[in-house]
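Here is the structure we will look at.
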Amino acid sequence: MALTGRTALLAALGSLIVGLLLPSWAGIGAVSGILLLAVLLDLLLAAPVRSLQLARSGDSTVRLGEPATVELSVSNPAGRRLRAQLRDAWAPSAFAPGTELTAGRHRIDVPSGERRRVSTALRATRRGDHQSHRVTIRSLGPLGLAGRQGSHQVPWTVRALPPFTSRKHLPSRLARLRELDGRTSLLTRGQGTEFDSLREYLPGDDVRSIDWRASARRHTVAVRTWRPERDRHILIVLDTGRTSAGRVGDAPRLDAALDAALLLTALATRAGDRVDLLAHDLRQRTAVLGRTASDVLPAFTNAMALLEPELVETDLRALTAAALRLAPRRSLIVLLTGLDTGPAEDGLLPMLPRLTQRHEVVVAAVADPRLDELAAGRGTVQAVYGAAAAAQTQADRRAVADRLTRLGATVLDASPHTLPPALADTYLALKAAGRL
């Protein structure tokens, strides 16, 4: 049984009546009896809660930060009208900030034998699966004094996918990819290129590109043209260890790495290349392998939605072994990790030669743009100390990047907003140079 504020108000009013008009035990008993009788009558007339039939429908996936709607259907098979307050409980992270206490609360009025729907608006503030808890219903009597209360388990999951904010860069990179494909007649044969077509010789063409047999058949000088080879293998490796948990702005470094990986995946699949994904720290967290071009991006976003940074040191030896196992032939391996001196000295630098001797390797890291701001500070003694620390951190990262470059890797160290387009540009440059 649940009592309402109206009951408390009537009890207070009854106390005034007793105190002013009926100051006796008989008055107390009369007022209390009337109120108790009204509460019991209201409770008996309230529709039962346990017999209600509830079902859900609505959105099951949504990009992080975008609205989602989950509908709850309430059927009343009882012989009494349902007047109720309903609370659809979800974790606070499923709601937009500031709406956690109100977004899941509804008032419903369901006549006997009918059904009504209520909608709960969600806007997730973190990636991953957001599950409904329970639906609590307080069925009130016609007087609004008392009611029955109960809870139902109506499971539903809304998966918040990575927001993929860098997709705004995709059209310009696709235009550059089409431009690259259109320059095939200017390419010379080399590693990472494949035969495209024959065309008539033009002054200035490399004579080594002349196809003498085709020229004899066509009775004109013909040259071979080449284009970047398609169907190359790209393995994106996400380091989900401790360094990926560091926050840059209002999000962990891992989120920026996911965004860069999604842009590269979208671009590479349009270019006809195959893309696989590996996430690893102490152990393998996920792997998405062998997907078709139409399925790879949805598969990646679903897998990435569940990834969280782990507060453990990444086992670079195991990560390297897993990458080599998934890429037995020459591939482009994109390692999204950190450039912190300690982890790099202990793991990345010793392990990198095993990758670069067989594969083209790109090491991409998320830099904190606040380091540039701190390094420019000069106003106070504290600002000068902060500038010195920031400058030292930047120097250490540059030193690690230089050592990785000498070991044969292409290194990117960019802010969360500039890393995705920088990684896409690096892929296009490697493809244009025939290095894939």
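One residue stands out in the stretch 4-46 among those that are in contact with a Leu (Cβ under 7 Å, 6 or more places away or on another chain) and closer than 12 Å to GLY141 by Cβ: the one that is modelled with the highest pLDDT, namely ALA46. Considering the stretch 189-231, and only residues there that are under 15 Å from LYS431 (Cβ atoms) and in contact with a Lys or Arg (Cβ under 6 Å, 6 or more places away or on another chain), the residue that is modelled with the lowest pLDDT turns out to be GLY192. For the stretch 16-116, the strands (runs of 3 or more DSSP E) that sit wholly inside it and include 3 or more residues that are surrounded by 14 or more Cβ atoms within 10 Å (Cβ to Cβ) and touching a Gly at 6+ places or on another chain (Cβ under 9 Å) are 68-75, 82-90.
Return yes or no: is ASP315 over 19 Å from ARG291 (Cβ atoms) and modelled with pLDDT under 90? No. When ASP255 is tested against (1) outside any helix (DSSP H, G or I); (2) in contact (Cβ under 8 Å) with a residue 60 or more places away in the chain, exactly one condition is not met: (1). Being assigned by TED's automatic domain parsing to the domain that holds ALA266 and modelled with pLDDT under 90 holds for only one residue in THR405, THR418, THR337, THR393, and it is THR393.
Condition test on GLU71, is it modelled with pLDDT of 95 or more and either touching a His at 6+ places or on another chain (Cβ under 7 Å) or within 30 Å of THR165 (Cβ to Cβ) (or both)?
Values: modelled with pLDDT of 95 or more: yes; either touching a His at 6+ places or on another chain (Cβ under 7 Å) or within 30 Å of THR165 (Cβ to Cβ) (or both): yes.
Yes.
When you go through VAL363, VAL384 one by one, which is the residue that is part of a helix (DSSP H, G or I), of a type in the set (Val, Ile, Thr) and assigned by TED's automatic domain parsing to the domain that holds ALA256? Testing whether each residue is part of a helix (DSSP H, G or I), of a type in the set (Val, Ile, Thr) and assigned by TED's automatic domain parsing to the domain that holds ALA256 leaves just VAL384. Here VAL288, VAL275, VAL237, VAL248 are screened, and the one residue that is among the β-branched types (Val, Ile, Thr), more than 14 Å from LEU335 (Cα to Cα) and touching a Leu at 6+ places or on another chain (Cβ under 9 Å) is VAL288. None of GLY241, GLY246 is under 28 Å from LEU326 (Cβ atoms), within 24 Å of the chain's Cα centre (by Cα) and surrounded by 20 or more Cβ atoms within 10 Å (Cβ to Cβ) except GLY241.
The values are calculated or read from the model by the stated rules, or taken from the named source; none is laboratory data. Bear in mind the structure is a predicted one, so any value in this text is a computation, not a measurement. Counting neighbours? That spans all protein chains shown, and the Cβs are built from the backbone with ideal geometry, glycine included.
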